[in-house]
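Bear in mind that the values in this text are calculations on the coordinates, not laboratory data. Because the structure is a prediction, the values reported are computed rather than measured. Quick reminder, even Gly has a Cβ in these numbers, built from the backbone with ideal geometry, and neighbours come from all protein chains shown.
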Amino acid sequence: MADKTEIQADLATIVEEIAGVPADDVQMDKEFVADLDVDSLSMVEIVVAAEEKFGVRIPDDQVKNLKTVGDAVDFIDSAQA
Amino acid sequence: MTALAPVAGATNTAILGIGSYRPSQVVPNADIVEAIDSSDEWIQQRSGIKSRRFATDEESVQMMSVASSRIAMERAGIEAAQVDGVIVATVTHMMQTPAVATMVAHELGLHRPVAFDISAACAGFCHGVALASDMIRGGSAKYVLVVGVERLSDILDRTDRGTAFIFGDGAGAVVVGPSDEPGIGPVVWGSDGEQQDLIRQREDWREVIASDNPRMPHLVMQGNAVFRWAAFEMAKVAHEALDRSGITADDLDVFVPHQANMRITDAMARSMKLPERVVIARDIAEQGNTSAASIPLALDRLVESGEAKSGDTALLIAFGAGLAYAAQVVKVP
């Protein structure tokens, strides 16, 4: 079971691999669309990669609620609990 | 008890020739951005599409089918008298009956072949190749034309930001026949009707007629959900098709996925871990998504450019409304 710092670090690696955003920029308060320029299709890929990495299920209707990196980390953390 | 004669068909089948027809009107992104308040850059980033082709009135489903079939037959070295089957995959033949396959057969001068249309949307061409191969191996036919053809411009909502930039028109055809060596591997196919709403005609024709302002029931699509299904679930189907043909991704020369969206192709290639040297069809950049026509159009482009050579091992995978899918490994004709 990963803590939130580890989840953030792993998620940052995924975002870097898929969307080409430097991992260091993937901070908790950053918005995927507005700040990191991640488009909707890249977001789908990030979600699928995160599901595999963290062993959680992130339904389509939840994805739109994950505006910031922090939202995603919180969701993954609670889904793992 | 009366015994029936045993069935005798060919042991192996192959694609013997391929042809395609690209409609005459080239439509660059610049011509469609205004109606969807978009830009060339946005479209290319979301889909990899630079332009598509729209058919003129003269370039009908039948006309494009016949044109592509003639090329496929000539390249296969098969005469009209030899072809005893025609399968046309399309969702845009606006005459619900009779099947356009019968009209195509007649115009080609074929002699009373079995001829029918199939409705498997974007997956139609791979369904047709599988059916043709099984018909020949089952002794029900010898040389079968398989055509994928669409005029999606007829059912396109030009103001819908989700679909207007994606779809285009065209046709591709192959001749399937018996061969010495296996040239068409086992098909892996299926459907997931639970997701039938993701891509569909907006409304039933009877609802259209009953409305005050009847208009073409356009194609509607939930792009992100389709992307997720196609990019990831279909990669698993692709691997299954390789397994069933007894090969691995390392044995592949060419990958021809349905040209749905360049981003889907890229994501599939990534999740399949295809070796770098595998040639990936990217016909969508100039052709848009032509549904049932996209795979033969894309394969034909690779053959004509020399990127795919006769005898190369190619993986075909198609997926779309239904959600229906089909994949098989074939030898390039």
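For chain B, take the longest principal axis of its alpha carbons; what is the angle in degrees between that and the long axis of helix B:61-76, to the nearest 10 within 0 to 90?
Computed tilt is about 40 degrees.
Taking neighbour Cβ counts within 10 Å as the exposure measure, how do B:90, B:97 sort from fewest upward?
B:97, B:90
Relative contact order, percent, of chain A when contacts are C-alpha pairs under 8 Å separated by at least 6 residues?
Computed value for chain A: 39 percent relative contact order.
Using Cβ contacts closer than 10 Å as the measure, can you line up B:129, B:226 from fewest to most?
The fewest-first ordering by Cβ neighbours comes to B:226, B:129.
Taking the inverse of the average 1/r across all pairs of different Cα atoms in the protein assembly as shown, what Kirkwood radius in Å do you get?
Radius from the Kirkwood sum: 22.5 Å.
Simple spin-label model, 7 Å along Cα-to-Cβ: residue A:23 to residue A:37 in nm?
2.1
Could you tell me what fraction of 2.2 N^0.38 Å the Cα radius of gyration of segment B:123-235 comes to, as a two-decimal ratio?
This ratio for segment B:123-235 stands at 1.36.
Kindly put B:143, B:21 in sequence by how many other C-beta atoms sit within 10 Å of each C-beta, fewest to most.
Fewest to most other Cβ atoms nearby, the residues stand as B:143, B:21.
Report, as a whole number in µm² per second, the diffusion coefficient that Stokes-Einstein gives for segment B:49-196 at 25 °C and 0.890 mPa s using the Kirkwood radius over alpha carbon pairs.
Taking Rh from Cα pairs, D becomes 152 µm²/s.
Given a cut-off of under 8 Å on Cα pairs at least six residues apart, what relative contact order in percent is computed for chain B?
After rounding, I find 25 percent.
What share of Cα pairs, in percent, lie more than 34 angstrom apart in chain B?
Considering chain B, 20 percent of its Cα-Cα pairs are separated by more than 34 Å.
Based on the alpha carbon coordinates of segment B:1-121, what radius of gyration and maximum Cα-Cα distance (Dmax) apply, in Å?
19.8, 73
Under the √(5λ) rule applied to the eigenvalues of the Cα gyration tensor, what semi-axes describe the equivalent ellipsoid of segment B:131-171? Give them in Å, descending.
36, 9, 6
Using a/c under 1.5 as the rounded threshold, could you call segment B:281-330 rounded, prolate or oblate? The axes a ≥ b ≥ c are square roots of the C-alpha gyration tensor eigenvalues, and prolate needs a/b larger than b/c, oblate otherwise.
Since a/c reaches 1.5 but b/c is at least a/b, the shape of segment B:281-330 is classed as oblate.
Between residue B:45 and residue A:65, what is the spin-label point distance in nm, taking each point 7 Å from the Cα along the Cα→C-beta axis?
2.8
Could you work out the per residue convex hull volume over the alpha carbons of segment B:95-179, in cubic angstrom?
110
Other chains near B:40-46: what is the mean number of their Cβ atoms within 10 Å of each residue's Cβ?
Taking the mean over all residues of the peptide, I get 1.
Based on a Kirkwood Rh over C-alpha pairs, give the Stokes-Einstein translational diffusion coefficient of segment B:176-268 at 4 °C and viscosity 1.567 mPa s in µm²/s.
79
Using a basic spin-label model with each label point 7 Å from the Cα along Cα→Cβ, how many nm lie between residue A:3 and residue B:247?
Each label point is offset 7 Å from its Cα along the Cβ direction, giving 5.1 nm.
For residue B:42, what is the net charge nearby, where nearby means another residue's Cβ is under 10 Å from its Cβ and Lys, Arg count +1, Asp, Glu -1?
Surrounding charge for residue B:42 is -2.
Rg (Å, one decimal) plus Dmax (Å, integer) for the alpha carbons of segment B:194-333?
Computed over the Cα atoms of segment B:194-333, radius of gyration and Dmax are 17.0, 58 Å.
Could you work out the mean count of beta carbons from other protein chains within 10 Å of each residue's beta carbon in B:216-229?
Taking the mean over all residues of the peptide, I get 2.
Give me P(r) over chain A, computed from all C-alpha to C-alpha distances, binned every 10 Å, as integer percentages.
Going out from 0 Å in 10 Å bins, chain A shows 20, 63, 18, 0 percent.
Would you mind telling me which residue in B:312, B:204, B:134 has the biggest mean-square fluctuation in a Gaussian network model of chain B, where springs connect alpha carbons within a distance under 10 angstrom?
B:204
Taking Rh as the Kirkwood radius computed over C-alpha pairs, what is the Stokes-Einstein D of segment B:167-207 at 10 °C in a medium of viscosity 1.306 mPa s, expressed in µm² per second?
The Stokes-Einstein estimate is 104 µm²/s.
Under 1.5 on a/c is rounded, so check that first for segment B:230-309, then, if it is not, pick prolate when a/b is larger than b/c and oblate when it is not; a ≥ b ≥ c are the square roots of the alpha carbon gyration tensor eigenvalues.
Oblate is the answer for segment B:230-309, as a/c is 1.5 or above yet b/c matches or exceeds a/b.
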